[in-house]
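> Here you go, one structure.
Every read-out reported here was derived from the displayed coordinates using simple, explicitly stated rules and does not represent laboratory data. Since we're looking at a predicted model, the values are computed, not measured. Cβ: placed from backbone, ideal geometry, glycine included. Neighbour counts: every protein chain shown.
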Amino acid sequence: MVTDSASERTPEERPDARRRVQTYELSSELRVAVGRLSRRIRAEKADDELSDGQFSVLALLFREGPRTLGELSEHERVTPPSMNRRVGHLVAAGYVERGPAPDDGRKVVLRATEAGAELVKETRRRRDAWLYQRLANLPTGQRHLLMDAARVIRELADS
């Protein structure tokens, strides 16, 4: 006699166990897929000499405006000496400049130069173009699925 009682099912057959296994598999698959896509998109940049960390700092200065070294270190979660090396490279390349803070001339703030702003814009253009090309080749149904997934991924990232 076969019963459908949850207590007589093997652990793998129980709905809660199946859900945990599926969630674990999904988390692993999603982590790998998002990581690979992120690395591939980051490879599309206008200056191959910049590290991802350096570009991240430049993009932040472009997007949010001038910041102190300490603010940049905190935002990027790196030590001030490490941030100083990143910024030094950006300054030497002409993408960032140091200057006095408008509210306190003793403080030094960092801002993107015009060349830095153009580099960020061109890199964004290249990244968008690369991804657009791949998305344009997908069937409409998959593009709609990715639109829904993008919304969920953004919610996960913001949580």
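> Mind checking the angle between helix 15-42 and the chain's longest principal axis? C-alpha axes, 0 to 90 degrees, to the nearest 10.
Approximately 30 degrees, to the nearest ten.
> While we're here: Under 8 Å for C-alpha pairs, at least 6 residues apart: give me the relative contact order for the chain, rounded to a whole percent.
Working: 112 pairs, mean separation 35.1, N = 159.
Result for the chain is 22 percent.
> While we're looking at this one, here's another question. So what is the diffusion coefficient of the chain in µm² per second by Stokes-Einstein at 20 °C and 1.002 mPa s, using a Kirkwood Rh over Cα pairs? Kindly include the intermediate steps, with their values, before the conclusion.
Numbers: Rh = 19.4 Å.
Rounded to a whole number, D works out at 111 µm²/s.
> Along the charge dipole of the stretch 43-158, Cβ charges K/R +1 and D/E -1, which of Val120, Gly88, Pro139 sits furthest on the positive end?
Looking along the dipole axis, the top candidate is Pro139.
> Follow-up. Fully extended, how many nm does the chain gain between Asn84 and Lys121 (0.36 nm per residue separation, minus their Cα-Cα distance)?
Full extension from Asn84 to Lys121 adds 11.0 nm.
> At a Förster radius of 30 Å, what calculated FRET efficiency corresponds to the Cβ-Cβ distance of Leu135 and Ser56, to the nearest 0.05?
On the way: r = 24 Å, r/R0 = 0.80.
Result of the calculation: an efficiency of 0.80.
> Are there trypsin sites (Lys or Arg not before Pro) in the stretch 83-121 that DSSP marks as loop and that have at most 14 other Cβ atoms within 10 Å, and which are they?
Values: sites: Arg85, Arg86, Arg98, Arg106, Lys107, Arg111, Lys121; in loops: Arg106, Lys107.
Those satisfying the criteria are Arg106, Lys107.
> Treating only the Cβ of Lys, Arg, Asp and Glu as charged (+1, +1, -1, -1), what charge dipole size does the stretch 38-159 show about its Cα centre? Round to the nearest 20 debye.
Numbers: 22 positive and 19 negative charges, 65 e Å.
Taking the Cα centre of the stretch 38-159 as origin, the dipole is about 320 debye.
> Please determine, in degrees from 0 to 90 and to the nearest 10, the orientation of helix 114-136 with respect to the longest principal axis defined by the Cα atoms of the chain, where the helix direction is its Cα long axis.
Value to nearest ten degrees: 20.
> Between 0 and 90 degrees, rounded to the nearest ten: what's the tilt of helix 140-158 against the longest Cα principal axis of the chain?
Roughly 70 degrees between the two axes.
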